[in-house]
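J.: I have a structure here, written as structure tokens, and I will follow up with some questions on it.
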Amino acid sequence: MAETKERARPIESHAQLVEHFEKGNKPDPNTWRIGTEHEKFGFHVRDHSPVAYEGPFGIRQLLTGLAEKYGYERIMEGETIIGLKKDGASISLEPGGQFELSGAPLEHLHQTCSEVGVHLAQLRDVAGNLGIAFLGLGVSPKWSLEETPIMPKGRYKIMRDYMPKVGRLGRQMMFRSCTVQTNLDYGSENDMRKKMRVSLALQPIVTALFANSPFMEGRPNGFLSYRAQIWTDTDPDRTGMLPFAFDEGFGFEQYADYALDVPMYFVYRNGKYIDVAGQSFRDFLAGKLPGLPGEKPTLTDWEDHLSTIFPEVRLKTYIEQRGADAGPWSRLCALPAFWAGIFYCDAALEAAWSLVKCWTAEDREALRRSVGVLGLRAPIRGMSARDVAQQALAISRQGLKSRNKLNAGGDDETHFLSELDDIVATGVTPAERLLERWRTDWKGDMTKVFEACAY
């Protein structure tokens, strides 16, 4: 109750914004956890069409069925069910009906992969009775933007209206993309600083390893990760590689200042989203927000605002890795394995920093923009993304070995990297493998993509 009151109290100073990030400090590495989020596209098995919210075979029915059969608590927006929660995890809807599992904070990767497996099994159980299946790709391969359904969530209408004002591809991001992300802890401001820098630099390498979005509207789109391309033209105010994170003295205060300068989307009051798109949180802090004159923000407002910022790596009270396309179950487990191996071993983190510390902001940005097209062939300072990926995987593997988190059979966490090892060994991204099958075995038949990539 005390925490609820504190979150509802108006923020009086800039220091309180910074303190929010300081609360994420976990000095004891034994308390560090792994959270994994992944999105997927629902489709009707009968004709591979997208799944609308309403109707007897829609997403409302799917959420209701999961709640009733597996004991989830419903998350409501007014009279509308928009998500589910249970045991520290939640299920939510992205704007175009993408189904997202936001996993619980877990101790090790064996638990993470079990959590993903249970979720997918429950989903198949309930969705199967509705004739629905789910697709693991970075962008929807067949439906146009106009054919994609719109979910009944208030914040998404505000975003949808604002997006065309700031970038060409924002609505594509909202309605036609899917990702897998992982959330990891930091011990101190200094630890956060190093982890942010390492993960920003290596994020394009991860984009190449997980590139899995080569189709749109029934044909190749010219990219290996079109999802990555989408983020280069969504909204420059709230996306990108955060070059200031590499400045001398970067810390919680500098990230808070960056967040303050990102235009707002909304304020949530009395169960309603108030459209303040484009307005300033600095004005809000001063009680001068045009949309709510005289009112000051609460900690909950600050957290809401932070959730509308979309850089390649996002800071909350943990660090969120955002660079990977969605894919099959095996790669959903591989992403947190890659980052946990680097983040949760001091020697591994230092080795990863040594790998990237000489890169300039221009190097990092050029790599980010090239991996969507070139994948592991993208160049970086006389090397290829594949060369860097090979070294980063070796560092991650050693970090996972040092963690020594064993399952009941005595296996450590390194086997979760196996699929990434194969990608690096061949230099062939998942997208290139799909494109080759589409051209040869599948003879341009897009229905085969649905069959091959369904969970």
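J.: log10 I(q)/I(0), Debye, Cα-only the stretch 187-265, no solvent, q = 0.14, 0.20, 0.25 Å⁻¹?
T.: At q = 0.14, 0.20, 0.25 Å⁻¹ the computed log10 ratios are -0.62, -0.98, -1.18.
J.: Take the Cα coordinates of the stretch 121-247, assign each an equal point scatterer, and use the Debye formula without solvent to give log10 I(q)/I(0) at q = 0.15, 0.18, 0.19 Å⁻¹.
T.: Normalising to I(0) and taking log10 leaves -0.92, -1.16, -1.22.
J.: Sort 162-169, 112-119, 314-321, 403-410 for me by packing, meaning the mean count of neighbouring Cβ atoms within 10 Å per residue, highest on top. Intermediate results must be reported in sequence, preceding the final value.
T.: Working: 162-169: 16.5, 112-119: 18.9, 314-321: 20.5, 403-410: 11.2.
The peptides rank, most packed first, as 314-321, 112-119, 162-169, 403-410.
J.: Using all C-alpha to C-alpha distances in the stretch 261-358, build P(r) with 10 Å bins and read off the rounded percent in each one.
T.: Result, from short to long distances: 13, 32, 23, 20, 12, 0 percent.
J.: Which aspartates and glutamates have a Cα less than 18 Å from the Cα of residue 23, not counting those fewer than 8 places away in the same chain?
T.: 3, 6, 12, 185, 189, 191, 253, 257, 301, 303, 304, 320
J.: Let me ask something additional. Show which aspartates and glutamates lie in cross-link reach of residue 142 when reach means a straight Cα distance below 19 angstrom and same-chain residues fewer than eight apart are skipped.
T.: Residue 142 reaches 39, 47, 94, 217, 325, 432, 436, 441, 445, 451.
J.: Another question about this same structure. For the chain, report the convex hull volume of the alpha-carbon atoms normalised per residue, in Å³, without decimals.
T.: Roughly 146 Å³ of hull volume per residue.
J.: Along the three principal axes, how long is the stretch 181-224 when you take its alpha carbons, biggest first, rounded to the nearest angstrom?
T.: That gives 47, 16, 13 Å along the principal axes, largest extent first.
J.: In whole angstrom, how long is each semi-axis of the equivalent ellipsoid of the stretch 350-455, when you take the square root of 5 times every eigenvalue of its Cα gyration tensor and sort them from largest down? Don't skip to the end; give the middle numbers.
T.: Numbers: eigenvalues 164, 118, 19 Å².
Semi-axes (√(5λ), whole Å): 29, 24, 10.
J.: Which entries of 40/405; 5/316; 69/405; 5/85; 195/288; 86/316 show an alpha-carbon separation above 27 angstrom in the structure shown? If you can, show how the numbers build up before the last one.
T.: Values: 40/405 29 Å; 5/316 20 Å; 69/405 33 Å; 5/85 23 Å; 195/288 36 Å; 86/316 22 Å.
Violating the 27 Å limit, Cα to Cα: 40/405; 69/405; 195/288.
J.: In whole Å, largest first, what are the principal axis extents of the Cα atoms in the stretch 2-158?
T.: Per principal axis, max minus min of the Cα coordinates gives 54, 38, 31 Å.
J.: Hey, another quick one. Please list the three semi-axes, largest first and in whole Å, of the ellipsoid equivalent to the stretch 135-205, using sqrt of 5 times the eigenvalues of its alpha carbon gyration tensor. Walk me through the intermediate numbers first.
T.: Values: eigenvalues 194, 51, 31 Å².
Its equivalent ellipsoid spans semi-axes of 31, 16, 12 Å.
J.: Could you give the length gained by full extension between residue 4 and residue 107, i.e. 0.36 nm per residue of separation minus their alpha carbon distance, to one decimal place? Please report the intermediate quantities before stating the final value.
T.: Values: separation 103, 0.36 × 103 = 37.08 nm, distance 2.67 nm.
Full-extension gain reported as 34.4 nm.
J.: So, one more: Run down the aspartates and glutamates and flag those whose C-alpha is under 13 Å from the C-alpha of residue 165, throwing out any fewer than 8 positions away in its chain.
T.: Answer for residue 165, where 13 Å is the Cα cut-off: 233, 235, 237, listed by chain and number.
Each value in this text was obtained by applying a stated rule to the coordinates, not by laboratory testing. For clarity, every value in this text was computed on a predicted model and none was experimentally measured. Ideal geometry is used to build each Cβ from the backbone, glycine not excepted, and the neighbour counts take in all protein chains shown.
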